[in-house]
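Here the structure is laid out as structure tokens; the discussion comes afterwards.
The values are calculated or read from the model by the stated rules, or taken from the named source; none is laboratory data. Predicted, not measured: the structure shown is a model, and the values here were computed from it. Positions of Cβ are generated from backbone atoms using ideal geometry, with glycine treated the same way; all protein chains shown enter the neighbour counts. Just the protein is used for accessible areas: all its heavy atoms, side chains included, with ligands, DNA and RNA removed. Shrake-Rupley method; radii C 1.70, N 1.55, O 1.52, S 1.80 Å.
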Amino acid sequence: MEAQYATEGLTAAIRRALEQSGKSIDSIGPEDLAPIDELHVRGRKATLELAERLQLTPEMRVLDVGSGLGGPSRLLADTYGCEVTGIDLSASFCETATALAGWTGLGALVDYRAADALDMPFGDESFDVVWSQHASMNIEDKEALYAETRRVLHPGGRFALYDVLQGPGGEVRYPVPWAGDSSISHLATAEELRRLLTRAGFKILHWEDRTEAGRDWFARMAEKAQGAPRRPLGVHLIFGDAFKAMMENQRRNLEEGRVALVEAVCRRI
């Protein structure tokens, strides 16, 4: 899985890109890292929309499953003052996320560790909220994923997710950001996801299809990019030479209905 991402030397590459952008790691905030650390479709806006549905408070403990470079977790900590733990299968991502937390002055509120979402290193009922954005697409055993998510939540706790699903328009075009080919891509349909969540012991409180918003976002991004030089800081530092093909395929997948985007909030029963 880690081979899907160009993670070697990533922290140093981000530091150089910030310097090339005229920024110093001694005076940056979470918003300065948004071009690279919000890896999901619609970026920071999608994170804020989902967070607004949770009524987070400083007393809450939040777990970010598939935390990547830590953008959403740092945003939650900075905005709401809550403690956030992030887990990711990529140790390199966790190392970079920890460095970025230090640069933004949020190291006391967030921490990251390399761990498997199917075997989380936490006791039962450890968290008030489990958060996950674009993290389940590579996980084949989704029953185990949502059972483990429920296990670490307090009774009545919230599970907030924003995910890529299989759409009705046919097979996914590859490569995409989460997979170079179909061998590591395991998308559920909307109907399958609803069924999985209910069987795992969740009550769905909020469900919203964000596919059209994702299409609009890609259109705006393409318009902004026309004739503009590539910024030093961006997701190309992670995806390397395949970046353009991945983004174009993701745009086409959304346009052609091959994938869908869903935002949901559930309560542990």
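Identify, please: which residue in segment 17-38 is open to solvent by 60 Å² or more (accessible area, probe 1.4 Å) and either in contact with a Leu (Cβ under 8 Å, 6 or more places away or on another chain) or part of a helix (DSSP H, G or I) (or both) and is, among those, farthest from Leu106 (Cα to Cα)? Before the answer, list the steps.
Filtering segment 17-38 for residues open to solvent by 60 Å² or more (accessible area, probe 1.4 Å) gives 19-20, 22-23, 26-27, 31.
With the extra rule that they be either in contact with a Leu (Cβ under 8 Å, 6 or more places away or on another chain) or part of a helix (DSSP H, G or I) (or both), the set shrinks to 19-20, 31.
Working: Glu19: 20, Gln20: 23, Glu31: 13 Å.
If we take residues in segment 17-38 being open to solvent by 60 Å² or more (accessible area, probe 1.4 Å) and either in contact with a Leu (Cβ under 8 Å, 6 or more places away or on another chain) or part of a helix (DSSP H, G or I) (or both), then Gln20 is farthest from Leu106 (Cα to Cα).
So which strands (runs of 3 or more DSSP E) stay within segment 125-233 end to end and still have 3 or more residues that are out of contact with any Cys (no Cβ under 8 Å at 6 or more places or on another chain) and open to solvent by 40 Å² or more (accessible area, probe 1.4 Å)? Before you say what the answer is, go through the steps one by one.
Details: elements: 127-133, 153-166, 202-209.
Here the list reads 153-166, 202-209.
Return a yes/no flag: does segment 199-216 have any residue that is in contact with a Gly (Cβ under 8 Å, 6 or more places away or on another chain) and under 17 Å from Asp163 (Cβ atoms). Reasoning before the result, please.
Residues of segment 199-216 in contact with a Gly (Cβ under 8 Å, 6 or more places away or on another chain): 211.
Within this subset, residues satisfying the condition of being under 17 Å from Asp163 (Cβ atoms) are 211.
Looking for residues that are in contact with a Gly (Cβ under 8 Å, 6 or more places away or on another chain) and under 17 Å from Asp163 (Cβ atoms), one finds at least one in segment 199-216, hence yes.
Being within 27 Å of Phe239 (Cβ to Cβ), of a type in the set (D, E, K, R) and open to solvent by 50 Å² or more (accessible area, probe 1.4 Å) narrows it down to one of Asp64, Asp88, Asp116, so name that one. Step through it out loud before you land on a result.
Numbers: Asp64 fails: open to solvent by 50 Å² or more (accessible area, probe 1.4 Å); Asp88 fails: open to solvent by 50 Å² or more (accessible area, probe 1.4 Å).
Among Asp64, Asp88, Asp116, only Asp116 is within 27 Å of Phe239 (Cβ to Cβ), of a type in the set (D, E, K, R) and open to solvent by 50 Å² or more (accessible area, probe 1.4 Å).
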